[in-house]
Amino acid sequence: MKKQSGMSLALVGLFASMPSYATETVDLDEVEVRAHYDNAIGSSDAASEGKVNASLIKSRPIARIGEILEFVPGMIVTQHSGSGKANQFYLRGFNLDHGTDFATYVEDMPVNMRTHAHGQGYTDLNFLIPELVSHIHYKKGPYSAQEGDFSSAGAARLHLLNQLPQGIASLTVGSYDYQRMLLANSVGLGEGHLLYALDVNHYDGPWQVAEGVRKYNGLLRYSEGDAHDSTTLTAMAYHNRWNSTDQIPLRAVRSGQIGRFDAIDPTDGGDSSRYSLSFNKQHRDQHGGWQMSAYAVRSSLDLYSNFTYFLNDPVNGDQFNQSEKRTMLGVNLSKSWLGELAGLTMENKLGIQTRYDKLSPVALYNTVNTQRISLIRSDKVEESSAGLYAENTVWWHEKLRTVAGVRYDRYQFDVKSSINGNSGNKGDGITSPKLSVIFGPWANTELFYNIGKGFHSNDARGTTQTVLPGGGVATPVTPLVSTKGSEVGVRSEWIPGLQSSLAVWQLDIDSELLFVGDAGETEPSRASRRYGVEWNNHYVVNDWLLLDMDLALSKARFTHTDPAGQYIPGAINKVALLGATVTNWGNWFGSVQLRYFGPRPLIEDNSVRSNSTFLTYARVGYRYNPKTTMTLDIFNLFDRKASDIDYFYESQLKGEAVPVNDIHFHPVEPRAARLTVTYQF
């Protein structure tokens, strides 16, 4: 296999004027077919950066769409509520809640929702159809000038296919009344292609209160052009309704009051929708290139939850409704130039990213059996931002290149609140410098050093709040919270067939966001430091067998001393992901994945900890003919009793005289099977 040794794969073949060490090309077919990863030498600016191709994505089972992010090495995706809600994410010592500090994009559209009704950075991927994902480009740490808000722990950019080689019609049936139908195809239209897809899903789950998921996804995507000039226009539609079994108190299960799959409040659930239109145009030539994208998103959510039961209201209970209606608009522009300075090859890139969110309104209500009985607060919010970034790449030598960048982000918040004293305007800006140094390759091995600053934004309502909803004085939060990270890493292909990377990293955050049980949301907390090590391995044994092993260890602590303790609740410290994928063993194919994430502190003094979770997924498939395949997926193969997530907080059950501090957990689903028949036409 040829290896590129001087610059990123994105520039291969585009800059014919570059020195020979920067234009040696990669056999892309071999990379995709044999390795499923575009992580070859010369393709990344950090040991922890990479790209996963569709060939691997389609070969492994996922129980819920959010688990597509588990293709990011070290990422764990779980759930603490119904299937229609955004997943829970863990990475690099973080309980990322529903997406805070990990930025996710689909075709340049941000998925993270800021000033969200349920949680800052809310990342709901339920609108995505996994069969249409062409690749995932992931990064970790605040080292890329292209990445802004929510990207301190990392970022993933998911890209869609422009066309299908054949149409797809598939039917899936499985345990607990799982049903899914997918129809997708592409046809020629004018000078391009039109891709269309319809995805319908129903699921009840193992819960005593059936989820009753009713999910509908649709997509239309027009594309034309080639690798040098391309244009896409994409329309996506999503709607979902579900009942949810939220986390439950451990004491109620141990006493026999409820079972593991029961609910305290059987009326919890939600209704969510998302409709989007996005446009992307790009041009590349021997002098550089430019890219322009624009998007419009209309979304809504009504979420009904009860995490504390009868703590605040012994008569009606504590169920609340988090509601929002959102319009999101954005435009991104970037341009790159190839040139020379003192005989050194150089690429410069300049970009701007703009975004506008209008929430009308974002509101919180007290409810009983999903019926609103009182308003807690309602806010109309307009939040706008612009991020300007510049990046300079210099090839100092065939064994040395640097990537220096800087970005400046400016935010403006306008809040009109139902609570007197909480309305207002606030603005803030932040500068984030970045630097990456890449040495090598020597013996198909590269060395990396990365350092940079990043940030996450806080909820706009908190920036102007001076009065608590229940009365009392509130202190406005800092709008933009700074982070600083660094990493030393190595990536090697010295052993034939093995891609291996090792990264040692550190990340400091000026303010944590922690889950608050009785509010059902996150709130700012103390500054923190995390550090750890990641070791990722992808080994192509032969033409039909791929082995993966990803290991991650981390330590997370608050840096400001407090009598409560220094541990960060929910911070994950051990992750192991092991996998084997069989692609073409005659007519058979399949995979098995083992996923482990270790025990976590649930309270600042570490006196209460969660248990570890170990799960196994398996797939066996058979190709009857070139057009027809049958696939059997089994989730939680060994039927382990474990938790998807654990919290420790105060709640009160009906009949309890006083509140009780307890572990509240959401169990992993028991062993389940799903059978899929796919016909290509």
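What residues qualify as long-range amide H neighbours of TYR309, i.e. H under 5 Å apart, gap of 5 or more or another chain, H built at 1.01 Å from N?
Placed amide hydrogens put ASP318 under 5 Å from TYR309.
In whole angstrom, note down how far apart the Cα centers of region 95-118 and region 452-468 are.
Here the answer is 15 Å between Cα centres.
With +1 on each Lys and Arg Cβ and -1 on each Asp and Glu Cβ, and nothing else charged, work out how big the dipole of region 338-429 is about its Cα centre, in Debye to the nearest 20.
So the dipole magnitude of region 338-429 works out to roughly 380 debye.
So how far, in whole Å, is the C-alpha centre of region 351-377 from the one of region 137-209?
Cα centres, region 351-377 to region 137-209: 27 Å.
Binned at 10 Å from 0, what are the whole-percent values of the Cα-Cα distance distribution for region 194-299, short to long?
13, 27, 20, 17, 13, 8, 2, 0
For labels at LEU675 and TRP544 in the simple 7 Å Cα→Cβ model, what's the distance in nm?
2.4
Suppose we look only past 22 Å in the calculated P(r) of region 237-370. What percent of the Cα-Cα pairs does that tail hold?
For region 237-370, the share of Cα pairs beyond 22 Å comes to 61 percent.
Is the C-alpha gyration tensor of region 328-452 telling us rounded, prolate or oblate? Criteria: a/c under 1.5 is rounded; beyond that, a/b larger than b/c is prolate, otherwise oblate.
Because a/c hits 1.5 or more and a/b exceeds b/c, region 328-452 counts as prolate.
Exceeding 26 Å between C-alpha atoms, which entries from my cross-link table qualify? They are LYS58/LYS85; LYS426/LYS555; LYS51/LYS434; LYS325/LYS641.
LYS426/LYS555; LYS325/LYS641
Need the C-alpha centroid separation for region 615-680 versus region 562-612, integer Å.
Cα centroid to Cα centroid, the span is 15 Å.
State the Kirkwood hydrodynamic radius of the chain in Å, one decimal place, computed from all pairs of distinct Cα atoms.
Its Kirkwood hydrodynamic radius stands at 25.9 Å.
Once you keep just the Cα pairs under 8 angstrom separated by 6 or more residues, what percentage relative contact order results for the chain?
Once divided by the residue count of the chain, the mean separation gives 12 percent.
Using only alpha carbon pairs under 8 Å that are at least six residues apart, calculate the relative contact order of region 541-671 and give it in whole percent.
Relative contact order here is 17 percent.
Can you give the FRET efficiency for ASN425 and SER134, using 1/(1 + (r/R0)^6), R0 = 45 Å, r = Cβ-Cβ distance, to the nearest 0.05?
With R0 = 45 Å, the Cβ-Cβ based efficiency is 0.60.
Would you mind checking which residues have amide H under 5 Å from GLY121's amide H? H placed 1.01 Å from N; only 5 or more apart, or other chain.
Amide H neighbours of GLY121, under 5 Å, 5+ apart: MET113, ARG114, THR115, HIS116.
Kindly provide the helix-only [θ] at 222 nm of the chain, computed as the sum of -39,500 (n - 2.57) over DSSP H runs of four or more divided by all residues, to the nearest 500 deg cm²/dmol?
Roughly -500 deg cm²/dmol at 222 nm, from the helical runs in the chain.
How far apart, in nm, are the 7 Å Cα→Cβ label points at VAL331 and ASN392?
Placing both labels 7 Å along Cα→Cβ, they lie 2.8 nm apart.
Only the coordinates and a few stated rules stand behind these numbers; no lab work does. Note that the structure is a prediction, hence the values are computed from the model and not measured. We place every Cβ from the backbone using ideal geometry, glycine too, and count neighbours over all the protein chains shown.
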